[in-house]
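The values are calculated or read from the model by the stated rules, or taken from the named source; none is laboratory data. Nothing here was measured: the structure is a model prediction, and the numbers come from that model. Note that we place each Cβ from the backbone using ideal geometry, even for glycine, and neighbour counts take in every protein chain shown.
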Amino acid sequence: MKKQRLFCIVSLVSLCASAQFEDSASQRPAGAPPKNSGYATDQFEGFKNLDPEERLAQKEDSIWFSVSAETAAQQLAYCRKAFTEGNLRRARKGYEALIRKWPTTKEAAEAQLGLAQLYEARKNYARAFEEYQYLLTFYSGACPYNDILDRQIKIANLLRADNKSMFGFLLGESEENRVRYEQIVRNAPRSEMAPKCMLIVGDIRQEQEEMEEAIKVYDGLLNRFPKSPEAEVAAFFASQARYERAKSQKSNEANLRDARAFMQSVLQIMPGHPQKEQLSLWVAELSEQLEAHSYMTALFYDTKQRDTTAALAAYRRFLSEFRSSKYEERVRERLLELEAREPKKGTPK
(Lines give C-alpha, C1' and ligand atoms only; values in the text may rest on other atoms or scores of the structure.)
Protein backbone atom coordinates (compact mmCIF):
# COMPACT_ATOMS: atom_id res chain seq x y z
CA MET A 1 0.00 0.00 0.00
CA LYS A 2 2.87 2.38 0.77
CA LYS A 3 4.35 1.96 -2.71
CA GLN A 4 0.93 2.56 -4.24
CA ARG A 5 0.49 5.80 -2.28
CA LEU A 6 3.90 7.14 -3.21
CA PHE A 7 3.39 6.20 -6.88
CA CYS A 8 0.13 8.13 -7.02
CA ILE A 9 1.67 11.19 -5.44
CA VAL A 10 4.81 11.22 -7.55
CA SER A 11 2.74 10.89 -10.70
CA LEU A 12 0.69 13.91 -9.69
CA VAL A 13 3.52 16.26 -8.79
CA SER A 14 5.14 17.93 -11.78
CA LEU A 15 8.86 18.60 -11.91
CA CYS A 16 8.57 20.91 -14.88
CA ALA A 17 10.34 23.82 -13.23
CA SER A 18 12.25 26.18 -15.49
CA ALA A 19 15.66 27.57 -14.56
CA GLN A 20 15.47 30.49 -17.01
CA PHE A 21 14.04 33.07 -14.65
CA GLU A 22 15.07 36.17 -16.52
CA ASP A 23 13.22 35.13 -19.67
CA SER A 24 10.00 34.40 -17.78
CA ALA A 25 7.10 36.79 -17.49
CA SER A 26 6.25 38.06 -14.04
CA GLN A 27 2.83 36.48 -14.23
CA ARG A 28 1.23 35.62 -10.92
CA PRO A 29 -0.87 32.49 -10.40
CA ALA A 30 -4.56 32.75 -9.63
CA GLY A 31 -3.97 31.64 -6.08
CA ALA A 32 -1.07 33.94 -5.27
CA PRO A 33 -1.43 36.43 -2.41
CA PRO A 34 -1.74 40.14 -3.29
CA LYS A 35 1.37 42.09 -4.17
CA ASN A 36 3.40 43.19 -1.15
CA SER A 37 1.16 41.13 1.12
CA GLY A 38 4.15 40.36 3.33
CA TYR A 39 2.97 36.95 4.50
CA ALA A 40 0.39 34.33 3.59
CA THR A 41 -2.28 33.98 6.26
CA ASP A 42 -4.40 31.13 4.84
CA GLN A 43 -4.96 28.47 7.47
CA PHE A 44 -5.21 24.90 6.27
CA GLU A 45 -6.50 21.92 8.20
CA GLY A 46 -3.73 19.61 9.37
CA PHE A 47 -0.99 22.18 8.68
CA LYS A 48 1.40 23.57 11.24
CA ASN A 49 -0.10 26.64 12.86
CA LEU A 50 1.47 29.93 11.88
CA ASP A 51 3.22 31.59 14.79
CA PRO A 52 3.41 35.39 14.38
CA GLU A 53 6.81 35.35 16.09
CA GLU A 54 8.16 32.92 13.48
CA ARG A 55 7.19 35.07 10.51
CA LEU A 56 9.92 35.89 8.08
CA ALA A 57 11.80 39.00 9.17
CA GLN A 58 13.03 41.52 6.63
CA LYS A 59 16.78 41.70 6.21
CA GLU A 60 18.41 44.73 7.79
CA ASP A 61 21.59 46.64 7.03
CA SER A 62 24.54 44.91 8.69
CA ILE A 63 28.22 45.55 9.30
CA TRP A 64 28.86 41.99 8.15
CA PHE A 65 27.78 42.83 4.60
CA SER A 66 29.25 45.94 3.00
CA VAL A 67 28.60 47.11 -0.56
CA SER A 68 31.42 47.45 -3.09
CA ALA A 69 29.75 49.98 -5.40
CA GLU A 70 28.05 53.36 -5.18
CA THR A 71 24.69 52.38 -6.65
CA ALA A 72 22.41 49.35 -6.54
CA ALA A 73 22.83 48.80 -10.29
CA GLN A 74 26.62 48.81 -10.01
CA GLN A 75 26.50 46.49 -7.01
CA LEU A 76 24.29 44.05 -8.92
CA ALA A 77 26.72 44.04 -11.84
CA TYR A 78 29.57 43.41 -9.39
CA CYS A 79 27.75 40.42 -7.90
CA ARG A 80 26.89 38.91 -11.25
CA LYS A 81 30.47 39.22 -12.42
CA ALA A 82 31.69 37.47 -9.28
CA PHE A 83 29.15 34.68 -9.83
CA THR A 84 30.18 34.24 -13.47
CA GLU A 85 33.83 34.04 -12.45
CA GLY A 86 32.99 31.33 -9.94
CA ASN A 87 33.66 33.42 -6.86
CA LEU A 88 30.46 32.35 -5.10
CA ARG A 89 31.47 33.68 -1.69
CA ARG A 90 32.01 37.19 -3.05
CA ALA A 91 28.76 36.99 -5.02
CA ARG A 92 26.82 35.82 -1.97
CA LYS A 93 28.11 38.56 0.30
CA GLY A 94 27.57 41.13 -2.43
CA TYR A 95 23.96 40.08 -2.98
CA GLU A 96 23.30 40.18 0.76
CA ALA A 97 24.84 43.65 1.02
CA LEU A 98 22.72 44.99 -1.85
CA ILE A 99 19.49 43.60 -0.43
CA ARG A 100 20.19 45.14 2.95
CA LYS A 101 21.53 48.48 1.69
CA TRP A 102 18.92 49.17 -1.01
CA PRO A 103 15.93 46.93 -0.05
CA THR A 104 13.30 48.89 -1.99
CA THR A 105 15.03 48.92 -5.38
CA LYS A 106 14.30 46.60 -8.28
CA GLU A 107 17.93 45.52 -8.07
CA ALA A 108 17.24 44.17 -4.58
CA ALA A 109 14.64 41.79 -6.00
CA GLU A 110 17.09 40.67 -8.69
CA ALA A 111 19.79 40.24 -6.06
CA GLN A 112 17.49 38.13 -3.91
CA LEU A 113 16.73 35.94 -6.91
CA GLY A 114 20.44 35.63 -7.64
CA LEU A 115 21.11 34.72 -4.02
CA ALA A 116 18.53 31.92 -4.08
CA GLN A 117 19.92 30.61 -7.37
CA LEU A 118 23.41 30.70 -5.91
CA TYR A 119 22.42 28.46 -2.99
CA GLU A 120 20.62 26.13 -5.35
CA ALA A 121 23.70 25.94 -7.59
CA ARG A 122 25.72 24.94 -4.53
CA LYS A 123 23.07 22.27 -3.79
CA ASN A 124 22.25 23.86 -0.48
CA TYR A 125 18.59 23.19 -1.21
CA ALA A 126 17.19 23.93 2.23
CA ARG A 127 18.73 27.40 2.24
CA ALA A 128 17.75 27.95 -1.42
CA PHE A 129 14.11 27.25 -0.52
CA GLU A 130 14.30 29.81 2.28
CA GLU A 131 15.77 32.46 -0.01
CA TYR A 132 13.12 31.82 -2.66
CA GLN A 133 10.52 32.20 0.09
CA TYR A 134 12.04 35.53 1.09
CA LEU A 135 11.77 36.62 -2.54
CA LEU A 136 8.07 35.68 -2.69
CA THR A 137 7.36 37.30 0.66
CA PHE A 138 8.98 40.70 0.12
CA TYR A 139 9.27 40.99 -3.68
CA SER A 140 6.21 39.10 -4.91
CA GLY A 141 5.36 41.80 -7.43
CA ALA A 142 8.87 42.00 -8.87
CA CYS A 143 9.67 38.36 -9.54
CA PRO A 144 8.47 35.53 -11.82
CA TYR A 145 6.07 34.17 -9.21
CA ASN A 146 5.07 30.98 -11.03
CA ASP A 147 8.65 30.05 -11.78
CA ILE A 148 9.70 30.56 -8.17
CA LEU A 149 6.90 28.30 -6.99
CA ASP A 150 8.05 25.66 -9.47
CA ARG A 151 11.58 25.93 -8.10
CA GLN A 152 10.27 25.50 -4.56
CA ILE A 153 8.35 22.38 -5.55
CA LYS A 154 11.39 20.93 -7.29
CA ILE A 155 13.56 21.62 -4.24
CA ALA A 156 11.00 20.12 -1.85
CA ASN A 157 10.80 17.03 -4.06
CA LEU A 158 14.58 16.70 -4.12
CA LEU A 159 14.79 16.98 -0.35
CA ARG A 160 11.96 14.50 0.06
CA ALA A 161 13.69 11.99 -2.20
CA ASP A 162 16.92 12.44 -0.22
CA ASN A 163 15.18 11.92 3.11
CA LYS A 164 16.68 8.72 4.45
CA SER A 165 15.41 6.39 7.11
CA MET A 166 17.41 4.50 9.71
CA PHE A 167 16.24 1.15 11.11
CA GLY A 168 12.74 1.89 9.87
CA PHE A 169 12.50 5.33 11.49
CA LEU A 170 12.22 8.48 9.38
CA LEU A 171 14.69 11.22 10.13
CA GLY A 172 13.60 14.69 11.24
CA GLU A 173 14.01 16.18 7.76
CA SER A 174 10.67 14.66 6.81
CA GLU A 175 8.78 17.03 9.09
CA GLU A 176 10.81 20.03 7.94
CA ASN A 177 10.02 19.19 4.33
CA ARG A 178 6.33 18.80 5.15
CA VAL A 179 6.37 22.41 6.31
CA ARG A 180 7.94 23.38 2.96
CA TYR A 181 5.04 21.85 1.06
CA GLU A 182 2.65 23.61 3.41
CA GLN A 183 4.40 26.88 2.63
CA ILE A 184 3.99 26.30 -1.10
CA VAL A 185 0.26 25.80 -0.59
CA ARG A 186 0.04 29.01 1.41
CA ASN A 187 1.97 30.85 -1.30
CA ALA A 188 -0.68 29.92 -3.86
CA PRO A 189 -3.70 28.54 -1.98
CA ARG A 190 -6.01 28.47 -5.00
CA SER A 191 -3.55 27.29 -7.62
CA GLU A 192 -3.46 23.92 -9.36
CA MET A 193 -0.35 22.94 -7.42
CA ALA A 194 -2.04 23.40 -4.03
CA PRO A 195 -3.97 20.08 -3.98
CA LYS A 196 -0.90 18.25 -5.30
CA CYS A 197 1.19 19.54 -2.42
CA MET A 198 -1.60 18.83 0.05
CA LEU A 199 -1.51 15.17 -0.97
CA ILE A 200 2.17 15.05 -0.09
CA VAL A 201 1.56 16.82 3.23
CA GLY A 202 -1.04 14.18 4.09
CA ASP A 203 1.29 11.40 2.99
CA ILE A 204 4.07 12.67 5.25
CA ARG A 205 1.61 12.88 8.13
CA GLN A 206 0.75 9.23 7.54
CA GLU A 207 4.44 8.32 7.37
CA GLN A 208 4.81 9.90 10.79
CA GLU A 209 1.73 7.97 11.98
CA GLU A 210 -0.13 11.21 12.64
CA MET A 211 -3.45 9.87 11.42
CA GLU A 212 -5.65 12.58 12.89
CA GLU A 213 -3.67 15.32 11.14
CA ALA A 214 -3.48 13.32 7.90
CA ILE A 215 -7.25 12.98 7.87
CA LYS A 216 -7.63 16.74 8.40
CA VAL A 217 -5.34 17.44 5.44
CA TYR A 218 -7.18 15.07 3.10
CA ASP A 219 -10.58 16.32 4.24
CA GLY A 220 -9.40 19.90 3.72
CA LEU A 221 -8.34 19.04 0.18
CA LEU A 222 -11.73 17.48 -0.54
CA ASN A 223 -13.54 20.51 0.85
CA ARG A 224 -11.42 23.07 -0.99
CA PHE A 225 -10.85 21.21 -4.27
CA PRO A 226 -13.77 18.75 -4.66
CA LYS A 227 -13.58 18.77 -8.47
CA SER A 228 -9.81 18.55 -8.79
CA PRO A 229 -8.09 15.43 -10.17
CA GLU A 230 -6.50 15.00 -6.75
CA ALA A 231 -9.90 14.69 -5.02
CA GLU A 232 -10.24 11.00 -5.97
CA VAL A 233 -6.78 10.26 -4.60
CA ALA A 234 -7.46 12.25 -1.42
CA ALA A 235 -10.73 10.37 -0.91
CA PHE A 236 -8.88 7.06 -1.02
CA PHE A 237 -6.06 8.23 1.26
CA ALA A 238 -8.57 9.71 3.72
CA SER A 239 -10.38 6.37 3.71
CA GLN A 240 -7.11 4.50 4.23
CA ALA A 241 -6.12 6.75 7.13
CA ARG A 242 -9.52 6.27 8.75
CA TYR A 243 -9.29 2.52 8.20
CA GLU A 244 -5.85 2.35 9.84
CA ARG A 245 -7.07 4.48 12.74
CA ALA A 246 -10.11 2.27 13.25
CA LYS A 247 -8.04 -0.91 13.13
CA SER A 248 -5.54 0.41 15.67
CA GLN A 249 -8.30 1.37 18.09
CA LYS A 250 -10.72 -1.58 17.86
CA SER A 251 -12.62 -0.59 20.97
CA ASN A 252 -13.39 2.89 19.64
CA GLU A 253 -16.84 2.62 18.11
CA ALA A 254 -16.83 6.26 17.00
CA ASN A 255 -13.78 5.68 14.77
CA LEU A 256 -15.31 2.53 13.30
CA ARG A 257 -18.51 4.35 12.43
CA ASP A 258 -16.70 7.38 11.07
CA ALA A 259 -14.50 5.26 8.79
CA ARG A 260 -17.41 3.22 7.45
CA ALA A 261 -19.67 6.22 6.92
CA PHE A 262 -16.90 8.13 5.13
CA MET A 263 -16.17 5.25 2.74
CA GLN A 264 -19.86 4.73 2.05
CA SER A 265 -20.11 8.42 1.16
CA VAL A 266 -17.11 8.16 -1.17
CA LEU A 267 -18.68 5.17 -2.96
CA GLN A 268 -21.92 7.07 -3.31
CA ILE A 269 -20.41 10.34 -4.51
CA MET A 270 -17.70 8.70 -6.65
CA PRO A 271 -19.33 5.50 -7.96
CA GLY A 272 -16.58 5.07 -10.55
CA HIS A 273 -13.70 5.46 -8.10
CA PRO A 274 -10.59 3.51 -9.28
CA GLN A 275 -10.24 1.91 -5.83
CA LYS A 276 -13.94 1.08 -5.55
CA GLU A 277 -13.24 -2.62 -4.92
CA GLN A 278 -10.80 -1.92 -2.07
CA LEU A 279 -13.14 0.62 -0.51
CA SER A 280 -16.01 -1.89 -0.66
CA LEU A 281 -13.84 -4.52 1.03
CA TRP A 282 -12.97 -2.07 3.81
CA VAL A 283 -16.63 -1.17 4.29
CA ALA A 284 -17.55 -4.86 4.57
CA GLU A 285 -14.71 -5.52 7.02
CA LEU A 286 -15.57 -2.52 9.21
CA SER A 287 -19.26 -3.44 9.13
CA GLU A 288 -18.41 -6.92 10.40
CA GLN A 289 -16.17 -5.48 13.08
CA LEU A 290 -18.82 -2.94 14.09
CA GLU A 291 -21.42 -5.70 14.18
CA ALA A 292 -19.30 -7.77 16.55
CA HIS A 293 -18.52 -4.72 18.66
CA SER A 294 -22.21 -3.80 18.99
CA TYR A 295 -23.14 -7.36 19.93
CA MET A 296 -20.39 -7.55 22.55
CA THR A 297 -21.51 -4.21 23.97
CA ALA A 298 -25.08 -5.48 24.38
CA LEU A 299 -23.77 -8.71 25.88
CA PHE A 300 -21.65 -6.69 28.32
CA TYR A 301 -24.69 -4.76 29.58
CA ASP A 302 -26.62 -8.02 29.82
CA THR A 303 -24.17 -10.41 31.48
CA LYS A 304 -21.55 -8.22 33.16
CA GLN A 305 -23.39 -5.15 34.35
CA ARG A 306 -26.75 -6.95 34.50
CA ASP A 307 -28.45 -3.73 33.46
CA THR A 308 -31.68 -4.93 31.87
CA THR A 309 -32.73 -1.52 30.58
CA ALA A 310 -29.39 -0.85 28.90
CA ALA A 311 -29.24 -4.41 27.54
CA LEU A 312 -32.72 -4.13 26.04
CA ALA A 313 -31.84 -0.85 24.35
CA ALA A 314 -28.57 -2.27 23.01
CA TYR A 315 -30.18 -5.46 21.67
CA ARG A 316 -32.97 -3.50 19.98
CA ARG A 317 -30.49 -1.07 18.45
CA PHE A 318 -28.47 -4.03 17.20
CA LEU A 319 -31.44 -5.59 15.42
CA SER A 320 -32.42 -2.31 13.81
CA GLU A 321 -28.93 -1.79 12.41
CA PHE A 322 -27.69 -5.28 11.59
CA ARG A 323 -30.32 -7.25 9.75
CA SER A 324 -29.51 -10.81 8.70
CA SER A 325 -26.68 -10.91 11.22
CA LYS A 326 -25.15 -14.18 12.38
CA TYR A 327 -26.06 -13.03 15.89
CA GLU A 328 -29.69 -12.28 14.99
CA GLU A 329 -31.28 -15.49 16.24
CA ARG A 330 -29.63 -15.48 19.65
CA VAL A 331 -30.26 -11.73 20.05
CA ARG A 332 -33.98 -12.18 19.36
CA GLU A 333 -34.18 -15.07 21.79
CA ARG A 334 -32.45 -13.12 24.53
CA LEU A 335 -34.55 -10.06 23.80
CA LEU A 336 -37.75 -12.08 24.29
CA GLU A 337 -36.42 -13.40 27.59
CA LEU A 338 -35.60 -9.92 28.86
CA GLU A 339 -38.86 -8.44 27.63
CA ALA A 340 -40.76 -11.19 29.45
CA ARG A 341 -39.08 -10.12 32.70
CA GLU A 342 -39.67 -6.42 32.08
CA PRO A 343 -42.52 -5.05 34.18
CA LYS A 344 -45.57 -3.93 32.23
CA LYS A 345 -46.42 -0.23 32.31
CA GLY A 346 -48.71 0.55 35.23
CA THR A 347 -47.78 -2.70 36.99
CA PRO A 348 -46.03 -2.34 40.36
CA LYS A 349 -42.43 -3.58 40.29
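Data table
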item: Condition met for E53 (exposed (fewer than 14 other Cβ atoms within 10 Å of the Cβ), more than 30 Å from A238 (Cβ to Cβ) and acidic (D, E)); result: yes
item: Pairs with Cβ under 6 Å, 6+ apart, first in the stretch 60-77 and in contact (Cβ under 8 Å) with a residue 24 or more places away in the chain, second surrounded by 14 or more Cβ atoms within 10 Å (Cβ to Cβ) and in a loop (DSSP other than H, G, I, E, B); result: A72/W102; A72/T105; Q75/V67; Q75/A69
item: Inter-residue pairs, beta-carbon under 7 Å, first free of Cβ contacts under 8 Å to residues at least 60 places away in the same chain and in the stretch 200-212, second assigned to a helix (DSSP H, G or I) and among the hydrophobic types (A, V, I, L, M, F, W, C), 6+ apart; result: M211/A241
item: Residue in the stretch 136-158 that is modelled with pLDDT under 85 and more than 22 Å from the chain's Cα centre (by Cα) present; result: no
item: Odd one out for R257 among (1) within 17 Å of A241 (Cα to Cα); (2) in a loop (DSSP other than H, G, I, E, B); result: (2)
item: Filter result for A214 (in contact with a Pro (Cβ under 8 Å, 6 or more places away or on another chain) and within 24 Å of N177 (Cα to Cα)); result: no
item: Any hit, the stretch 56-75, residues being touching a Pro at 6+ places or on another chain (Cβ under 9 Å), assigned to a helix (DSSP H, G or I) and of a type outside the set (G, A, S); result: no
item: Residue within the stretch 275-288 that is of a type outside the set (A, V, I, L, M), over 16 Å from A241 (Cβ atoms) and modelled with pLDDT under 95 present; result: yes
item: Checklist (1) more than 21 Å from L221 (Cα to Cα); (2) surrounded by 17 or more Cβ atoms within 10 Å (Cβ to Cβ); (3) hydrophobic (A, V, I, L, M, F, W, C); (4) out of contact with any Asp or Glu (no Cβ under 9 Å at 6 or more places or on another chain) applied to M263, failing item; result: (1)
item: Long-range neighbours under 9 Å by Cβ, at least six apart or interchain, first residue in contact (Cβ under 8 Å) with a residue 12 or more places away in the chain and closer than 12 Å to A142 by Cβ within the stretch 96-117, second charged (D, E, K, R) and not in a helix (DSSP H, G or I); result: P103/K59; P103/E60; P103/D61; E110/E22; Q112/K59; L113/E22
